[in-house]
1. Could you say which residue among 84, 47 is open to solvent by less than 50 Å² (accessible area, probe 1.4 Å) and either under 26 Å from residue 115 (Cβ atoms) or aromatic (Phe, Trp, Tyr) (or both)?
2. Restricting region 14-27 to residues that are under 17 Å from the mean Cα position of the chain (by Cα) and open to solvent by 30 Å² or more (accessible area, probe 1.4 Å), which is modelled with the lowest pLDDT?
3. Can you pull out the residues in region 29-38 that are in a strand (DSSP E or B) and either surrounded by fewer than 10 Cβ atoms within 10 Å (Cβ to Cβ) or aromatic (Phe, Trp, Tyr) (or both)?
4. Being over 13 Å from residue 105 (Cβ atoms) and out of contact with any Pro (no Cβ under 7 Å at 6 or more places or on another chain) is the filter here, so list the residues in region 45-63 that pass it.
5. From the list 41, 11, 66, pick out the single residue that is touching a Pro at 6+ places or on another chain (Cβ under 9 Å), at pLDDT 95 or above and either outside any strand (DSSP E or B) or of a type outside the set (D, E, K, R) (or both).
Amino acid sequence: HRLAQQTVEVIGMVGLTCNRKVTLVHHVRGEDTDTYECHIIDGVSWYEKMQVSTSGDGAKPSSIVISRIPEDKLPMFLPEISDYLVLGAVEAISRPSDLRGMKYFQITSVSDNRYDRLLPHVRVSGS
């Protein structure tokens, strides 16, 4: 418990607050069907920012979410691209459409920073 408290203190020193509860929804591909495993993680950062995307249709605002999961909070595997991260606790889902109405994102980027001496963590982001 002391290590988790120290992790929060170190994160605070570098400008992050790891006080959010999230659910990592891991997509497990089977031969016949896909399933989704929910892993509730307490003590992560959740940061949202708006950005502008430009295309042939002009400029459109979009939201990007960045979350950092301290190494000691990770489940027994790393998050993967196409997994989902949901703000709050979710016990189970059958399909991604079950997440409608919740604040979540599909993970499009994973950075393994577990070897960082100051703050070992995994950074995930998406929109």
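The values are calculated or read from the model by the stated rules, or taken from the named source; none is laboratory data. Bear in mind that the values here come from a model prediction, so they are computed numbers and not experimental data. In this analysis, Cβ positions are derived from the backbone assuming ideal geometry, glycine residues included, and neighbour counts consider all displayed protein chains. What goes into the accessible areas is simple: the full protein's heavy atoms, side chains included, and nothing from ligands, DNA or RNA. Shrake-Rupley method; radii C 1.70, N 1.55, O 1.52, S 1.80 Å.
1. 84
2. 16
3. Here is the first cut: in region 29-38, the residues in a strand (DSSP E or B) are 29, 34-38.
Across region 29-38, the qualifying residues are 29, 36.
4. Pass one, region 45-63, residues over 13 Å from residue 105 (Cβ atoms): 45, 50-61.
Result: 45, 51, 53, 54, 55, 56, 57, 58, 59, 60, 61.
5. Criteria check complete, one pass: 41.
Quick grid of which residues meet (1) more than 10 Å from the chain's Cα centre (by Cα); (2) outside any loop (DSSP other than H, G, I, E, B); (3) at pLDDT 95 or above:
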{"position": "75", "(1), (2), (3)": "yes, no, no"}
{"position": "79", "(1), (2), (3)": "no, no, yes"}
{"position": "92", "(1), (2), (3)": "yes, no, yes"}
{"position": "101", "(1), (2), (3)": "yes, no, yes"}
